[in-house]
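Written out below as structure tokens is the structure these notes cover.
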Amino acid sequence: MSRTADSDSQRSARDHSADGAALARGAFINTIAFLASNLRGIFTFLVARLLGSVALGVFGLAWATMDLLSKFSTLGFDYSAIAFIAQAEGVGDRASSRRVMKTALAVSFGSSVLLAIGGFWAVWTFGPSIGVRPEFVRATAVMLLALPGVTLYRVSTALSRGMMVMHHDIYSRGLTDSLGTAAALLMAFALGVRELAPEIAVIAGTVASGLVAFTLARRLFTFTPITRSPNVDLVPQLLRASAPIALYDLLNIGIMRIDLIMLGWFVGRAPGVTLETLGIYAAAVEVAGGLRKVSQSFTPIFTPIVARQIAAGRIREAEASYAYLARWMLALLLPAVVVFALAGGAIMTIFGPSFHRGGVWAAVIGGGCALNAFVGLGETILMVARPKINLMNSTIAFVAAIGLNLLLIPAFGALGAALGIFSPYLIKGVLRWIEISWLVDWRWPWRALVKPWVAALAALPVALLIRFAIHGWWSELAAAGVYLAGYFIAWRVFGLDPNDRAVLDQLFKRKKAEGTEPERGRE
């Protein structure tokens with residue numbers, strides 16, 4: 001009996017490390033894509049340096065509006081398609097996967113074209129009559145023409161991720177979008193275009209990115225034999241599942257963008273809120289918002305794997321998968337938040353000396369974005385198991401975000417907008433913790449998350465001493481550098497989690513899996 005139990009335990013450990021290795025490989029590829037996508041910072045840098053903070057503020061508001069409306073064109077397919085294709089592929093049903101691809105692309109792209117044309121006309125026609133500033137009207141109307149490209153990219157990328165292919169994003173968004181948008185901006189600037197140069201550049205970059213993503217995804221669904229007959233009920237199921245996802249994703253984007261949009265609404269109406277302030281705040285959102293994108297390294301691979309595990313009733317394996325990614329995310333997010341807190345002002349000066357005052361805003365935004373990235377794993381679990389619950393959570397958080405911004409922006413200006421994004425993410429995190437524990441019989445692996453916190457806190461005291469003992473932007477960089485050095489030393493002292501070592505063994509095959517060697521006495 002004991003030997004059977006030991007064998008089961010060893011087999012379970014091997015299975016978990018194998019899942020961890022699959023997660024690590026996917027996360028590594030997505031991290032490369034994430035780092036490549038940060039080349040988009042070149043575009044923001046060029047806008048700030050060539051056109052100034054006012055142009056950056058106008059562009060930031062137009063982009064936030066377009067990003068919010070894009071959820072009416074993707075219709076939730078940029079998330080639901082991942083889970084549906086992963087489940088179909090898990091049982092060898094390629095016919096259903098292809099039907100998901102065709103339905104998602106046809107419906108979402110058609111919606112994006114109609115929304116782009118209708119939105120351009122509506123904003124251009126009625127914007128001035130409702131009191132919107134002329135520069136916002138022109139920028140927003142033109143920016144809406146980027147909707148087809150954005151939608152094609154997002155849905156096509158979801159199709160690739162559902163097939164467990166993560167590297168397509170490197171080529172579509174990381175390289176094509178980031179570099180293409182910057183190149184288009186320089187070309188427009190050279191041709192004498194100034195006012196709408198950023199918006200025109202985004203249209204060119206997103207269309208190119210969408211076409212690359214579509215071409216790469218389409219190849220995954222061809223020349224593969226169909227092993228099962230099509231499921232005639234799949235398309236209605238996809239549409240029903242996508243509806244709540246689309247709604248709560250719209251609310252999520254609203255929460256992410258509402259601070260910038262409402263700050264733009266208060267330009268000239270609240271003390272200290274000017275177009276220049278809006279531009280500096282938009283730069284802070286661009287820089288610190290990168291912490292929100294950390295989830296893009298982990299969620300795309302977590303979604304198909306946890307979808308298969310939950311669909312098969314393997315909740316304990318899903319918990320183990322969550323423990324891996326949660327620990328890895330904390331190991332990245334915690335030091336990044338501290339660096340923004342120590343050196344936010346110095347980081348912001350890359351856009352120009354006047355941007356230094358946005359350092360505090362960047363630190364607060366970075367903390368909120370890091371919280372959003374971490375608790376986003378819970379949203380993925382609910383998306384697979386109970387997607388309608390996410391809709392309720394996002395509705396509560398969105399209402400809280402609007403209320404907080406209405407109170408805080410008139411009182412604290414841009415800092416109030418930054419503070420307004422904290423509470424909604426905290427509310428969502430608490431709700432998900434309660435709901436997943438109750439609805440999915442989930443046991444949170446808190447002990448797996450201890451080491452990242454210990455390492456992050458151990459390196460903090462010396463960095464704080466340097467930061468407050470010496471003044472100047474260079475002291476901010478020195479404190480951040482000392483902190484990062486101490487953080488890496490702390491990891492060397494405490495060492496990796498045993499489960500992470502098992503994942504490394506799986507990845508690099510440094511030793512044979514336990515139980516594969518022949519037993520002595522049988523040779």
- Note on the structure: Karplus-derived 3J(HN,Hα) from phi for segment 336-353 (6.51 cos²θ - 1.76 cosθ + 1.60, θ = phi - 60°), whole Hz, x at Gly and Pro, runs 5, 4, 5, 4, 5, 5, 7, 9, x, x, 5, 5, 5, 5, 5, 8, x, x
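Say R0 is 30 Å: what FRET efficiency, to the nearest 0.05, do Leu114 and Val54 get from their beta-carbon distance?
Working: r = 32 Å, r/R0 = 1.08.
Working from the Cβ atoms, E equals 0.40.
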- Normalised per residue, the volume of the convex hull around the Cα set of segment 32-132 (Å³): 120
- Item | segment 39-109, relative contact order in percent, only Cα pairs under 8 angstrom and at least six apart counted | 26
- Which order, highest average first, do 274-283, 43-52, 56-65 follow once you tally other Cβ atoms within 10 Å for each residue and take the mean per peptide? 56-65, 274-283, 43-52
- Query: Of Lys428/Lys451; Lys71/Lys293; Lys102/Lys388; Lys102/Lys293, which sit over 20 Å apart, Cα to Cα?
  - Reply: Lys428/Lys451; Lys102/Lys388; Lys102/Lys293
- Could you put Leu496, Leu260, Leu216 in order, starting from the residue whose Cβ has the fewest other Cβ atoms within 10 Å? Leu496, Leu216, Leu260
- How would you rank 487-493, 404-410, highest first, on the average number of other Cβ atoms within 10 Å across their residues? 404-410, 487-493
- Message: Using a 10 Å cut-off around each Cβ, can you sort His168, His471, His356 from fewest to most neighbouring Cβ atoms?
- Response: His471, His356, His168
- Query: In segment 248-319, which trypsin sites (Lys or Arg not before Pro) are in a loop and have at most 10 other Cβ atoms within 10 Å, using DSSP for the loop call?
  - Reply: Arg269
- Message: Would segment 404-475 count as rounded, prolate or oblate if I go by the C-alpha gyration tensor, calling it rounded below 1.5 in a/c and otherwise prolate when a/b exceeds b/c, oblate otherwise?
- Response: oblate
- Query: Roughly speaking, what % of Cα-Cα pairs in segment 284-336 are separated by over 12 Å, rounded to a whole number?
  - Reply: 66
- Query: What are the ³J(HN,Hα) values, in whole Hz, obtained from phi via the Karplus relation 6.51 cos²θ - 1.76 cosθ + 1.60 with θ = phi - 60°, for each residue of segment 89-100 in sequence order, with x given for Gly and Pro?
  - Reply: 5, x, 10, x, 9, 5, 4, 5, 4, 5, 5, 4
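Here, each number is a calculation from the coordinates, and none is a lab measurement. This structure is a prediction, so every number in the text was calculated from the model and none was measured. Note that we place each Cβ from the backbone using ideal geometry, even for glycine, and neighbour counts take in every protein chain shown.
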